[in-house]
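Visitor: This is the structure, below, for whatever I ask next.
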Amino acid sequence: MRTWWMGAVLAAVAACSSAVRPDAGLAANRSVGEFSLRDLNGRRVRLSEHQGKVILLSFWATWCEPCQNELPQLGKIWERHRSRGFELLSINVDPPDAENAVREIAGRLKLEFPVLLDSAGDVVNRYNPRLELPYSVLLDRAGRIHSVHQGYVSGDEEILEEKIQALLGE
């Protein structure tokens with residue numbers, strides 16, 4: 001059993017807060033590499049399938065309360081802008097034995113956007129090795145990092161939506 005996450009869980013629980021923190025890692029305008037993750041229906045989803053779109057990668061976990069507060073807000077943004085080239089890929093970072101909890105939360109929150117499973121930690125380690133949650137990476141249409149955001153407080157979604165609208169040319 002892979003336990004990459006066990007040592008990080010305690011640190012991540014402390015980091016999972018409603019406080020907004022500036023990014024400490026990813027550089028803007030950096031291109032990101034390809035990845036492929038399974039969604040809740042068992043389908044493999046590749047980042048490159050969404051080439052040419054503005055993409056938000058939203059990392060979250062079942063035990064992170066701010067994550068659960070943020071996800072419905074992100075869903076509203078996705079609904080408003082997906083027809084204009086915006087995609088939201090929520091990436092759950094819980095271990096494999098938590099898949100039922102992920103399904104329960106996705107159902108309770110009525111998440112309509114893709115929920116991807118990164119139970120091995122391959123993708124989260126690339127973007128957010130400190131596992132500070134919630135954590136979002138906004139990519140422009142060329143697949144370059146536009147901005148990142150750690151944490152969630154009410155109102156953060158308005159700032160994010162302005163960035164998305166700018167990238168969409170609205």
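The values are calculated or read from the model by the stated rules, or taken from the named source; none is laboratory data. This one's a predicted model, so the numbers in the text were calculated from it and none came from an experiment. Every residue, glycine among them, receives a Cβ derived from its backbone with ideal geometry; neighbour counts consider all protein chains shown.
Visitor: Within the range 18-31, identify whether any single residue is within 14 Å of Gly151 (Cα to Cα), outside any strand (DSSP E or B) and either at pLDDT 95 or above or hydroxyl-bearing (Ser, Thr, Tyr) (or both), and answer yes or no.
Guide: First, pick out the residues of the range 18-31 that are within 14 Å of Gly151 (Cα to Cα): 18-24.
From the residues that got through so far, the ones that are outside any strand (DSSP E or B) too are 18-20, 22-24.
If we keep only those that are either at pLDDT 95 or above or hydroxyl-bearing (Ser, Thr, Tyr) (or both) too, we end up with 18.
The answer is yes; a qualifying residue exists.
Here is a yes/no grid of residues against (1) touching a helix residue (DSSP H, G or I) at 6+ places or on another chain (Cβ under 7 Å); (2) under 12 Å from Ala61 (Cα atoms); (3) among the β-branched types (Val, Ile, Thr):
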{"residue": "Arg80", "(1), (2), (3)": "no, no, no"}
{"residue": "Ser119", "(1), (2), (3)": "yes, yes, no"}
{"residue": "Ala142", "(1), (2), (3)": "no, no, no"}
{"residue": "Tyr152", "(1), (2), (3)": "yes, no, no"}
{"residue": "Asp156", "(1), (2), (3)": "no, no, no"}
{"residue": "Glu161", "(1), (2), (3)": "yes, no, no"}
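Visitor: To continue, here is another question. Mind counting the residues in the range 97-152 that are touching a residue at least 40 places away in the same chain (Cβ under 8 Å), among the small types (Gly, Ala, Ser) and not in a loop (DSSP other than H, G, I, E, B)?
Guide: 3
Visitor: Can you name the number of the only condition in (1) touching a His at 6+ places or on another chain (Cβ under 7 Å); (2) more than 17 Å from Leu47 (Cβ to Cβ) that Glu87 fails?
Guide: Evaluating Glu87 over (1) touching a His at 6+ places or on another chain (Cβ under 7 Å); (2) more than 17 Å from Leu47 (Cβ to Cβ) leaves (2) as the failure.
Visitor: Check Glu70, Glu87 and return the single one that is acidic (Asp, Glu), outside any strand (DSSP E or B), within 15 Å of the chain's Cα centre (by Cα) and under 16 Å from Leu138 (Cα atoms). So that I can check it myself, show each step before the final result.
Guide: Values: Glu87 fails: outside any strand (DSSP E or B).
One residue alone meets the criteria, Glu70.
Visitor: How many residues are surrounded by fewer than 18 Cβ atoms within 10 Å (Cβ to Cβ) and either at pLDDT 95 or above or touching a Gly at 6+ places or on another chain (Cβ under 9 Å) (or both) when one looks only at the range 115-138?
Guide: Counting residues in the range 115-138 that are surrounded by fewer than 18 Cβ atoms within 10 Å (Cβ to Cβ) and either at pLDDT 95 or above or touching a Gly at 6+ places or on another chain (Cβ under 9 Å) (or both) gives 3.
Visitor: Residues to consider are Glu112, Glu104, Glu99, Glu161; find the one that is out of contact with any strand residue (DSSP E or B) (no Cβ under 9 Å at 6 or more places or on another chain), crowded, with 16+ Cβ neighbours inside 10 Å and modelled with pLDDT of 95 or more. Spell out how you get there, then give the answer.
Guide: Working: Glu112 fails: crowded, with 16+ Cβ neighbours inside 10 Å; Glu104 fails: crowded, with 16+ Cβ neighbours inside 10 Å; Glu99 fails: out of contact with any strand residue (DSSP E or B) (no Cβ under 9 Å at 6 or more places or on another chain).
Exactly one of Glu112, Glu104, Glu99, Glu161 is out of contact with any strand residue (DSSP E or B) (no Cβ under 9 Å at 6 or more places or on another chain), crowded, with 16+ Cβ neighbours inside 10 Å and modelled with pLDDT of 95 or more, namely Glu161.
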